[in-house]
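The values are calculated or read from the model by the stated rules, or taken from the named source; none is laboratory data. It should be emphasised that the depicted structure is a prediction, and the values quoted were computed from it without experimental measurement. Reconstructed Cβ throughout: ideal geometry from the backbone, glycine too, with neighbour counts over all protein chains shown. Heads up: the accessible areas ignore ligands, DNA and RNA and are worked out on the full protein's heavy atoms, side chains in. Shrake-Rupley method; radii C 1.70, N 1.55, O 1.52, S 1.80 Å.
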Amino acid sequence: MSAEFFTLHSDLPREGPGRPEDVAWALGLGGVQPGARILDAGCGPGADIAALLLAAAPGGHVTAVDAHAPFVAQAAKRWGRDSRVTLMTGDMQDAEGPFDVIWCAGALYFLGLREGLDVMRGKLRPGGILCFSELVFRGGEPDAALRTALEAEYPAIRPVTHLDGMIRAAGLEPVGQKILPRASLEAYYQPMEKRIAQLRPGADAALNRVLDEGAAEIALWRRHWEDFGYALCVTRRPE
Ligand SMILES: C[S@@+](CC[C@H](N)C(=O)[O-])C[C@H]1O[C@@H](n2cnc3c(N)ncnc32)[C@H](O)[C@@H]1O
């Protein structure tokens, strides 16, 4: 990703859709123990660590890993001195389990969903849970222009109805699933929109292109939120 991309995506409160309520919903469904060992895979700036720890597992431990060092540095500003949190810059595939809970918000697709499910299953203890969010078509066949626009960004985007089969094929049990509500998307997009406006004055051509792409992504979602969204899936590794 370009330097301009990271200019836009620096110091945002989060790097993908989600709110503390979504973490609480998923972990409530999965049944997390207070002392759980948790992996936040692709943690970005660490937006979900508070909800993972404080709400779900106050006596637990979170290993938060992200490939992009500045995001980990941002997470470290809040959590670097908390012994319940280990922050790592690196590949989520290298995190050493076993974990009771793996939280992977908007990041599993970087590995390819099928491969990512396999990798994360291998890091769970039997009975452990994997929660992940994934961009999906919500209903029937989307119109061709929308499909083209979304596939340009994520060629493997699929209907939400395909997810349970993929989860089972990876040897995991589907526990529950929901489409993230609009507020969860706005929790990501509104700060990003503000940042686009701040960066516009004085932006060169390369930065303007990235800002245009960001604005277009937001506009596309607001226009078509009934057609696509993020599915938050809770899955379990069988005992
Ligand atoms: C869409 S962002 C979501 C970040 C965070 N979970 C959130 O919701 O704010 C995806 C994150 O995955 C990270 N990422 C991508 N591939 C990765 C990998 N193989 N290992 C670790 N992190 C990775 C990116 O650096 C990015 O921070």
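A few points about this structure:
- Among (1) farther than 22 Å from E186 by Cβ; (2) surrounded by 18 or more Cβ atoms within 10 Å (Cβ to Cβ); (3) of a type in the set (V, I, T); (4) within 15 Å of the ligand (Cβ to nearest atom) - the single one V32 does not satisfy: (4)
- In the stretch 144-157, the qualifying residues are those that are without any contact (Cβ under 8 Å) to a residue 60 or more places away in the chain and farther than 20 Å from G18 by Cα, and the one that is surrounded by the most Cβ atoms within 10 Å (Cβ to Cβ) is R147.
- Condition met for P17 (in contact with a helix residue (DSSP H, G or I) (Cβ under 7 Å, 6 or more places away or on another chain), within 12 Å of the ligand (Cβ to nearest atom) and in contact (Cβ under 8 Å) with a residue 60 or more places away in the chain): yes
- Within the stretch 104-122, residues that are touching a residue at least 60 places away in the same chain (Cβ under 8 Å) sit with their Cβ atoms under 7 Å from residues that are among the β-branched types (V, I, T) and outside any helix (DSSP H, G or I), at 6+ positions apart or across chains, in these pairs: M120/I102.
- Odd one out for G90, checked against (1) under 18 Å from G44 (Cβ atoms); (2) open to solvent by 70 Å² or more (accessible area, probe 1.4 Å): (2)
- Pairs where the first residue, in the stretch 30-58, is on the phi > 0 side of the Ramachandran plot and the second is away from the ligand (no atom under 11 Å from the Cβ) and open to solvent by less than 20 Å² (accessible area, probe 1.4 Å), C-beta under 7 Å, 6+ apart: G46/W79
- Sole residue being within 16 Å of the ligand (Cβ to nearest atom), hydrophobic (A, V, I, L, M, F, W, C) and loosely packed, with under 15 Cβ neighbours inside 10 Å, chosen from A107, A64, A69, A56: A69
- Search result, residues across the stretch 164-205 that are open to solvent by less than 30 Å² (accessible area, probe 1.4 Å) and touching a residue at least 12 places away in the same chain (Cβ under 8 Å): I167, A170, G171, L172, G176, L180, S184, L185, Y188, Y189, M192, I196
- Screening A145, A183 for residues that are out of contact with any Pro (no Cβ under 8 Å at 6 or more places or on another chain) and within 15 Å of the ligand (Cβ to nearest atom) leaves exactly one candidate, A183.
Yes or no, residue by residue, for (1) more than 14 Å from the ligand (Cβ to nearest atom); (2) under 28 Å from P34 (Cβ atoms); (3) not in a strand (DSSP E or B):
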site: K77; (1), (2), (3): yes, yes, yes
site: D82; (1), (2), (3): yes, yes, yes
site: L87; (1), (2), (3): no, yes, no
site: G97; (1), (2), (3): yes, yes, yes
site: W103; (1), (2), (3): no, yes, no
site: R114; (1), (2), (3): yes, no, yes
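- Test: residue in the stretch 207-217 that is of a type in the set (D, E), open to solvent by 50 Å² or more (accessible area, probe 1.4 Å) and more than 22 Å from A107 (Cα to Cα): yes
Yes or no, residue by residue, for (1) on the phi < 0 side of the Ramachandran plot; (2) over 19 Å from the mean Cα position of the chain (by Cα):
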| residue | (1), (2) |
| --- | --- |
| V72 | yes, no |
| M92 | yes, no |
| G106 | no, no |
| Y109 | yes, no |
| I129 | yes, no |
| V136 | yes, no |
| G139 | yes, yes |
| E153 | yes, no |
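- Residue in the stretch 135-148 that is farther than 25 Å from T235 by Cβ and among the hydroxyl-bearing types (S, T, Y) present: yes
- Restricting attention to the stretch 8-34, the residues that are touching a Leu at 6+ places or on another chain (Cβ under 7 Å) and assigned to a helix (DSSP H, G or I) total 4.
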